[in-house]
Amino acid sequence: DLGTTNSLGAVWKEGEVCLIADGLGNRMVPSVVAIDEEGNILTGQAAREEELLHPERCASNFKRYMGTEKVYSLAGRKFTPEELSALILRRIRKDAEEYLGEEITEAVISVPAYFNNDQRYATKLAAELAGIYCERIINEPSAAALAARKADMEGEQLFLVFDFGGGTLDVSIVDCFEDIVEITAIAGDNHLGGKAFAQAIARAFCEE
């Protein structure tokens, strides 16, 4: 799951989903990239801590601009959103390889249902840059519906999936019957999420 605010990896193992933790036991990887004073590239929590002190050397929320021509400048170096996303995916891949004790070359990547074709292609490109073959792109509400369906396989079911992320918002109607999971309607905003609410609260507080 390549998220706007946080990302994570999971593996299907022995009939259940296992979230992958890094060496410190953290399962969430902040979707932040930074360059420190020595020119080293930082990702995840280390980059988020750098962002507090040196925001000019950091990039976040770049998932919103996947598939666009936006360019980020960090410490004099240029990065596209796909290149930044690839650094996060590479970090998750490394954590997964250490967790599983084997090489990872393929993955399924979840994206907002509201992502257009350019954004989906950009996600596959980011995976390629990270050395991963993207076996499939799956909509996040589809993944949620599949999980719910696995817990309760009885009859035909209709789900309302409300995916309120840190940077993107998706609302989907998902119809499940037999072995079919079909998204029948979607709405969303790739520039609305928890971070937008946090900024609005902070702005209102400062004005007060």
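The values are calculated or read from the model by the stated rules, or taken from the named source; none is laboratory data. Bear in mind that the values here come from a model prediction, so they are computed numbers and not experimental data. All Cβ positions, even for glycine, are placed from backbone atoms using ideal geometry, and neighbour counts span all protein chains on display. With ligands, DNA and RNA removed, areas are computed over all heavy atoms of the protein, side chains included. Shrake-Rupley method; radii C 1.70, N 1.55, O 1.52, S 1.80 Å.
What residue, of 46, 21, is of a type in the set (A, V, I, L, M) and over 21 Å from residue 109 (Cα atoms)?
Details: 21 fails: over 21 Å from residue 109 (Cα atoms).
Of 46, 21, the one residue that is of a type in the set (A, V, I, L, M) and over 21 Å from residue 109 (Cα atoms) is 46.
Which ones in the stretch 41-71 are open to solvent by less than 70 Å² (accessible area, probe 1.4 Å), assigned to a helix (DSSP H, G or I) and touching a helix residue (DSSP H, G or I) at 6+ places or on another chain (Cβ under 6 Å)?
62
Which of the following residues is farther than 15 Å from residue 123 by Cβ and out of contact with any Leu (no Cβ under 7 Å at 6 or more places or on another chain): 42, 87? Can you show your working first?
Values: 87 fails: farther than 15 Å from residue 123 by Cβ.
Criteria check complete, one pass: 42.
Wholly within the stretch 94-208, which helices (runs of 4 or more DSSP H) include no fewer than the required count, namely at least 2 residues that are open to solvent by less than 70 Å² (accessible area, probe 1.4 Å), modelled with pLDDT under 85 and closer than 26 Å to residue 21 by Cβ?
On the way: elements: 117-129, 140-151, 194-207.
So the answer is 140-151.
Do we find that residue 88 is open to solvent by 50 Å² or more (accessible area, probe 1.4 Å), of a type in the set (Val, Ile, Thr) and over 23 Å from residue 14 (Cα atoms) in this structure? Break it down into steps so the answer makes sense when it comes.
Numbers: open to solvent by 50 Å² or more (accessible area, probe 1.4 Å): no; of a type in the set (Val, Ile, Thr): yes; over 23 Å from residue 14 (Cα atoms): yes.
Considered against the rule, which asks whether it is open to solvent by 50 Å² or more (accessible area, probe 1.4 Å), of a type in the set (Val, Ile, Thr) and over 23 Å from residue 14 (Cα atoms), residue 88 comes out as no.
Condition (residue is in contact (Cβ under 8 Å) with a residue 60 or more places away in the chain, of a type outside the set (Ser, Thr, Tyr) and open to solvent by 50 Å² or more (accessible area, probe 1.4 Å)) applied to the stretch 22-40: is it met by at least one residue?
Yes, some residue in the stretch 22-40 is in contact (Cβ under 8 Å) with a residue 60 or more places away in the chain, of a type outside the set (Ser, Thr, Tyr) and open to solvent by 50 Å² or more (accessible area, probe 1.4 Å).
Does residue 135 satisfy the condition of being farther than 19 Å from residue 189 by Cα, touching a residue at least 24 places away in the same chain (Cβ under 8 Å) and acidic (Asp, Glu)?
Values: farther than 19 Å from residue 189 by Cα: yes; touching a residue at least 24 places away in the same chain (Cβ under 8 Å): yes; acidic (Asp, Glu): yes.
Spelling it out, residue 135 is indeed farther than 19 Å from residue 189 by Cα, touching a residue at least 24 places away in the same chain (Cβ under 8 Å) and acidic (Asp, Glu).
In this structure, does residue 74 turn out to be in contact with a strand residue (DSSP E or B) (Cβ under 6 Å, 6 or more places away or on another chain), crowded, with 20+ Cβ neighbours inside 10 Å, among the aliphatic types (A, V, I, L, M) and over 20 Å from residue 169 (Cα atoms)? So that I can check it myself, show each step before the final result.
Details: in contact with a strand residue (DSSP E or B) (Cβ under 6 Å, 6 or more places away or on another chain): yes; crowded, with 20+ Cβ neighbours inside 10 Å: no; among the aliphatic types (A, V, I, L, M): yes; over 20 Å from residue 169 (Cα atoms): yes.
Against the criterion (in contact with a strand residue (DSSP E or B) (Cβ under 6 Å, 6 or more places away or on another chain), crowded, with 20+ Cβ neighbours inside 10 Å, among the aliphatic types (A, V, I, L, M) and over 20 Å from residue 169 (Cα atoms)), residue 74 does not qualify.
If I go through the stretch 72-93 residue by residue, how many of them are in a loop (DSSP other than H, G, I, E, B) and not hydrophobic (A, V, I, L, M, F, W, C)? Full working, then the answer.
From the stretch 72-93, those in a loop (DSSP other than H, G, I, E, B) are 75-76, 80; that's our starting set.
If we keep only those that are not hydrophobic (A, V, I, L, M, F, W, C) as well, we get 76, 80.
Residues meeting the conditions: 2.
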